[in-house]
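Only one structure is covered here, and it is reproduced in the block below.
The values are calculated or read from the model by the stated rules, or taken from the named source; none is laboratory data. As the structure is a prediction and not an experimental result, all values here were calculated from the model. No Cβ is skipped: glycine too gets one built from the backbone with ideal geometry, and neighbour counts run over all protein chains shown. These area figures cover heavy atoms from the full protein model, side chains too; ligands, DNA and RNA do not enter into them. Shrake-Rupley method; radii C 1.70, N 1.55, O 1.52, S 1.80 Å.
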Amino acid sequence: GNAKAQKWIWSGAAVGLTASIGLGIVLTYTISRAASGGAREMIEGITGLVAVVMMLTIGRWLHSKSNTANWNNYVGRQVDGALAKGNLWSLSSVAALAILREGAETTIFYVGMAPSIKLSQLLLGIGCALIILGIVGYAMIALSAKLPIAAFFRTATILIYYLVFRFLGESIHSLQVAGKLPAHVQEGLPSINWLGMYPTWETLLPQLLVLL
């Protein structure tokens, strides 16, 4: 509700978003250079497995209730302190940090995801997410609507574990194609592209472990 501070908040958010995009470009360029030639499948496999580990561990930790509460409290204290002191540069920095924290995490996820899906699918997902975020953001800011947190995180959890299951199979398959892992093909094992399932024991057993 502080009209004077709003432009500093939005400018800080823009800086954080720009920095996140810059980080994404740097990481994508670096990995694409490293993945030239025969190393492409190996890089795809490794980055995919990194994304899987992040989804199972770091992502869960970052979004645990206590961590989220601590982070929100930290941001709230910084904002209150900046407003009390009239330090609007500090306010802008807090906004930039809040956006950059989420943007850096998202960038690392995308770097792990990108080799496993078509560019059109990646862009479609980003576009749909931006539309949903725009609607939700408008409802929260302009209409004072409350986000159904429990349902939101349950749905997000299901999607995350689907991606873990799929990327795990596709990443191991990429390492098999690169000759870094053996491939024991078994007739009768399922082969389902949209689940990242391939008819080898090396891909199926880790996926079953995740499913359990």
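Of all residues in the range 161-207, those satisfying the criterion of being surrounded by fewer than 13 Cβ atoms within 10 Å (Cβ to Cβ) and within 19 Å of ALA39 (Cα to Cα) are GLY179, PRO182. Screening TYR110 with (1) touching a strand residue (DSSP E or B) at 6+ places or on another chain (Cβ under 6 Å); (2) surrounded by 14 or more Cβ atoms within 10 Å (Cβ to Cβ) gives one miss only, at (1).
The one condition from (1) within 19 Å of the chain's Cα centre (by Cα); (2) within 27 Å of TYR74 (Cα to Cα); (3) surrounded by fewer than 18 Cβ atoms within 10 Å (Cβ to Cβ) that ILE99 does not meet is (3).
Evaluate the following for LYS146: is it farther than 25 Å from LEU49 by Cα, of a type in the set (Lys, Arg) and open to solvent by 80 Å² or more (accessible area, probe 1.4 Å)? Spell out the reasoning first.
On the way: farther than 25 Å from LEU49 by Cα: yes; of a type in the set (Lys, Arg): yes; open to solvent by 80 Å² or more (accessible area, probe 1.4 Å): yes.
For LYS146, the condition - farther than 25 Å from LEU49 by Cα, of a type in the set (Lys, Arg) and open to solvent by 80 Å² or more (accessible area, probe 1.4 Å) - is met.
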